[in-house]
Amino acid sequence: MTTSEPGEHLVTRQRVRVLSTKYDGSQHYEQHGWLLEAPGGDLDAPDVPLRVLLEAGTELRSYRGTFPAAIDFTMLFWPGQDRWYNVEHNHWVVTRPDGRLSTSSYANVSTPATFDGDTVRWVDLDLDVTVRDGLVELVDEDEFDEHRTRMAYPESVITRAREAASELLRLAVLGAPPFDRDTHIWRPAR
């Protein structure tokens, strides 16, 4: 396809699996997307993200059931780096029935991602930072508190998760990378 219509893309990269679990190994999300960018052989290359496009309609399997992605979004990961988060940027921001805008960016506090050439893997640590209509918010603190006890997060993981959440809040308020969403969302060639 060679078009710029929403939902239609010229994708020339390989198909990859994105798999996340909770700390106890239970399912979080599984989906397939298109690899848009990778750091190549040097997984420690600074500031080179692993970018994956997930198109509207992509089947998302999760602990909440299976459903299609409502809109296109690009996920950013930094394999081989010591970043305890990943970010999703929605390509289109839509108005919800209640009048609120949908989330434009969503950051998951997580273990650093790994990528074996076919699958991106990471462990979700519950805390999330959202950017919606210019409002930056830390969410799911109650889930973090429940899971850190029930799943016995080590103190080092708790500390890293809280540090990542603080870093994400600061970066989101500044609109600094990785929250410079227009740099990262994929648009087809015209």
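The values are calculated or read from the model by the stated rules, or taken from the named source; none is laboratory data. Treat the numbers as computed from the prediction; the structure is a model and nothing was measured. FYI the Cβ positions are ideal-geometry reconstructions off the backbone, even for glycines, and counts take in every protein chain you see.
Worth pointing out:
- Every condition in (1) under 20 Å from residue 167 (Cα atoms); (2) of a type outside the set (Asp, Glu); (3) at pLDDT 85 or above holds for residue 26 except the one numbered (1).
- Within the range 126-150, the set of residues being more than 21 Å from residue 25 (Cβ to Cβ) and either among the charged types (D, E, K, R) or assigned to a loop (DSSP other than H, G, I, E, B) (or both) comprises 132, 133, 134, 137, 141, 142.
- Residues that are in contact with a strand residue (DSSP E or B) (Cβ under 7 Å, 6 or more places away or on another chain) and small (Gly, Ala, Ser), drawn from the range 150-186: 161, 164, 165, 172
- Yes/no for residue 11 being touching a strand residue (DSSP E or B) at 6+ places or on another chain (Cβ under 7 Å), more than 19 Å from residue 67 (Cβ to Cβ), modelled with pLDDT of 80 or more and among the β-branched types (Val, Ile, Thr): no
- Identity of the residue in the range 129-150, in contact (Cβ under 8 Å) with a residue 24 or more places away in the chain and β-branched (Val, Ile, Thr), that ends up surrounded by the most Cβ atoms within 10 Å (Cβ to Cβ): 129
- Only a single item in (1) touching a residue at least 12 places away in the same chain (Cβ under 8 Å); (2) in contact with a Phe, Trp or Tyr (Cβ under 8 Å, 6 or more places away or on another chain); (3) of a type outside the set (S, T, N, Q); (4) not in a loop (DSSP other than H, G, I, E, B) is not met by residue 169, and it is number (2).
- Screening residue 153 against (1) assigned to a helix (DSSP H, G or I); (2) surrounded by 19 or more Cβ atoms within 10 Å (Cβ to Cβ) leaves a single unmet condition, (1).
- Of all residues in the range 156-172, those that are surrounded by 15 or more Cβ atoms within 10 Å (Cβ to Cβ), over 17 Å from the mean Cα position of the chain (by Cα) and over 24 Å from residue 19 (Cβ atoms) total 1.
- Scanning the range 53-73 for residues that are surrounded by 16 or more Cβ atoms within 10 Å (Cβ to Cβ) and of a type in the set (Ser, Thr, Tyr) yields a total of 1.
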